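Structure, as structure tokens:
The values are calculated or read from the model by the stated rules, or taken from the named source; none is laboratory data. Model, not experiment: these values are computed from the prediction. Every residue, glycine as well, gets a Cβ built from its backbone with ideal geometry; the counts of neighbours run over all protein chains shown. Accessible surface is based on the protein model in full, side chains and every heavy atom, while ligands, DNA and RNA are left aside. Shrake-Rupley method; radii C 1.70, N 1.55, O 1.52, S 1.80 Å.
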Amino acid sequence: MGAVARIPVAWLTAVVLVVEAVGIVFVNGVLATVVDRQQMSLAGLDTDAMFAGTWATGGVFAAYLLGCAAVLARTGLRDRRPGRFGRIVLITCAVVHAVLGALTVGLVGWTAFAVMMVIVGLVVLVLVAYEAEPRPAGRAPDEEQRAAQGPAAA
């Protein structure tokens, strides 16, 4: 896939993850408010702990999604594949969305599953669209290492 398609896909995926992060914070805020106002308890847990835990969970997950979006935005800006850490972040993002997609089929429905699978597809597309940097022609990888070490290695 050429740069013409790679860059917009990376930016689109970043925007989708930012929107998803805002949605996660909103949903967790609604859940926290309902728990707090109804004074609900689960197995004797303190209502304030559940309120704070719901907000914290939403905040942490939103921060994770924003981090993934930052990696994608940087990838689109530089038009180069992300580094090792960035690829690990994007792979975990794809796996998390795949697992959430599998869970949403039973809890929310097929539409939510389809949305999650579109996000998985976008993240994976960014991962496979950026190929490794090509090696210089004429040298094998072990010859490059020997040349970098100098004449003592020969």
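Output the peptides 77-86, 10-19 sorted from most to least packed, where packing is the average of other Cβ atoms within 10 Å over each peptide's residues.
For the peptides 77-86, 10-19, the packing ranking is 10-19, 77-86.
Among rounded, prolate and oblate, which fits region 25-72 when a ≥ b ≥ c are the square roots of the eigenvalues of its C-alpha gyration tensor, a/c under 1.5 means rounded, and a/b larger than b/c means prolate?
Because a/c hits 1.5 or more and a/b exceeds b/c, region 25-72 counts as prolate.
Suppose each label sits 7 Å from its Cα in the direction of the beta carbon; what would the Gln39-Val118 distance come out to in nanometres?
Placing both labels 7 Å beyond Cα along the Cβ direction yields 4.3 nm.
What fraction of the Cα pairs in region 12-132, stated in percent, has a spacing above 19 angstrom?
Result: 54 percent of Cα pairs exceed 19 Å.
In what sequence, largest accessible area first, do Thr57, Thr92, Thr104 appear using a 1.4 Å probe?
Solvent-accessible surface, decreasing: Thr57, Thr92, Thr104.
Whole number please: convex hull volume per residue, Cα atoms of region 35-104, in Å³.
119
Grab the Cα-Cα distance for Phe61 and Val128, subtract it from 0.36 nm times how many residues apart they are, and report the gain in nm with one decimal.
Value of the extension gain: 21.6 nm.
What length, rounded to one decimal in nm, is gained on full extension from Ala5 through to Val95, with 0.36 nm per residue of separation minus their alpha-carbon distance?
Between Ala5 and Val95, full extension yields an extra 30.1 nm.
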